[in-house]
1. Looking only at region 44-58, count how many residues are in a helix (DSSP H, G or I) and in contact (Cβ under 8 Å) with a residue 24 or more places away in the chain.
2. May I ask you to list the residues in region 75-131 that are free of Cβ contacts under 8 Å to residues at least 40 places away in the same chain, surrounded by fewer than 21 Cβ atoms within 10 Å (Cβ to Cβ) and small (Gly, Ala, Ser)?
3. For region 155-186, which residues satisfy the criterion of being basic (Lys, Arg) and more than 10 Å from residue 76 (Cβ to Cβ)?
4. From the list 162, 95, which residue is touching a helix residue (DSSP H, G or I) at 6+ places or on another chain (Cβ under 6 Å) and modelled with pLDDT of 90 or more?
5. Looking at region 33-64, which of its residues are within 24 Å of residue 182 (Cβ to Cβ), under 17 Å from the mean Cα position of the chain (by Cα) and of a type in the set (A, V, I, L, M)?
6. When residues of region 38-52 are filtered for being crowded, with 21+ Cβ neighbours inside 10 Å and either of a type in the set (S, T, N, Q) or modelled with pLDDT under 95 (or both), how many remain?
7. Can we say residue 88 is of a type in the set (D, E, K, R) and either over 19 Å from residue 125 (Cβ atoms) or in contact with a His (Cβ under 6 Å, 6 or more places away or on another chain) (or both)?
8. Within region 1-36, which residues are in contact with a Lys or Arg (Cβ under 7 Å, 6 or more places away or on another chain) and not in a loop (DSSP other than H, G, I, E, B)?
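The values are calculated or read from the model by the stated rules, or taken from the named source; none is laboratory data. Not measured: the values here are computed from a predicted model. A quick note on method: Cβ atoms are made from the backbone with ideal geometry, for glycine too, and the neighbour counts reach across all protein chains shown.
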Amino acid sequence: MPIRILIADDHAVVRSGLKALLQADTDLEVVGEAADGTETLRLAEALHPDMVMLDITMPPDNGIKTAKQLKEKHPELIVLFLTMHEDEGLLHGALRAGAAGYVIKRADESEILRAIHVASRGDIYVHPAMTHALLHRPVTTEHRRGLPAVVLTRRELDVLRLLAKGNTNRQIAGQLGLSVRTVENHRANLMGKLGLVSRVELVNYAEENNLL
C-alpha cells in the first residue's frame, strides 16, 4: 500500500513541484492539496491521509498550530514539516507539536523522499542543517519535567510505559492488540510531543514523571 500524502502549502508552485516529485515515487500517493490551515484540517478529516506535509508559515494562524490540531484529532497521522525556516525555536516547536520530521525546502529531492520514508516508519527525521539545534540545545531534564503527562493520549501513555520497561515494538503491539506500524507511530508521536530524540530519553522521561 502506498503512503497516502496530503500536501499543505499556501504557494501553488510549491505544491505543484512537490506533487510532481512525490508522484514519481510508486510508494507514495498524493491524495489532496491544501492552501491554508483550515483547508488542511478539513481535508485530513475527509481524505484520511497517512501523512500531511505541512508548511510552517501558512495562514490563517501557522503550521505549528495546525499540526497540534491535526494530532489532537488524528493521533496516528504523521506530520512532516517542509519549510524555508532554519530556526531552532521553530524546530523545537514543531517537535513538541507532534511532528515526525522537519525538512528545509532547499533540501535535495532525494532527501525530501528519504524524510518521508523515515517518518513513515515511525522515526524522527531532522534536516542535517538543523541537527545542531538538537545537539547545542538539547531538551533538558528540567524542560521535560515541565511538560505534563496529560499532553499524551491514553494509548501513548500505554506505549510509553511498555517502552520504558524494555519491551520491543512487536511485544508492545501484541500486548495492546495493535499493529507494529501503529506502535511505531505512537512512539514517533511521543518523541515529537515531548521534544525527545531517543528511546533512552523516553525511558528517562517516564522515570522522572513517575509513569512506571
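1. 3
2. Within region 75-131, 89, 107, 110 qualify.
3. Filtering region 155-186 for residues basic (Lys, Arg) gives 155, 161, 165, 170, 181.
Listed by number, the residues that qualify are 161, 165, 170.
4. Working: 95 fails: modelled with pLDDT of 90 or more.
Residue meeting the stated conditions: 162.
5. Within region 33-64, the subset within 24 Å of residue 182 (Cβ to Cβ) is 40-41, 43-54.
With the extra rule that they be under 17 Å from the mean Cα position of the chain (by Cα), the set shrinks to 40-41, 44, 48-54.
Result: 41, 44, 51, 52, 53, 54.
6. Final tally of qualifying residues: 1.
7. no
8. Those that are in contact with a Lys or Arg (Cβ under 7 Å, 6 or more places away or on another chain) and not in a loop (DSSP other than H, G, I, E, B): 7, 29, 30, 31, 33.
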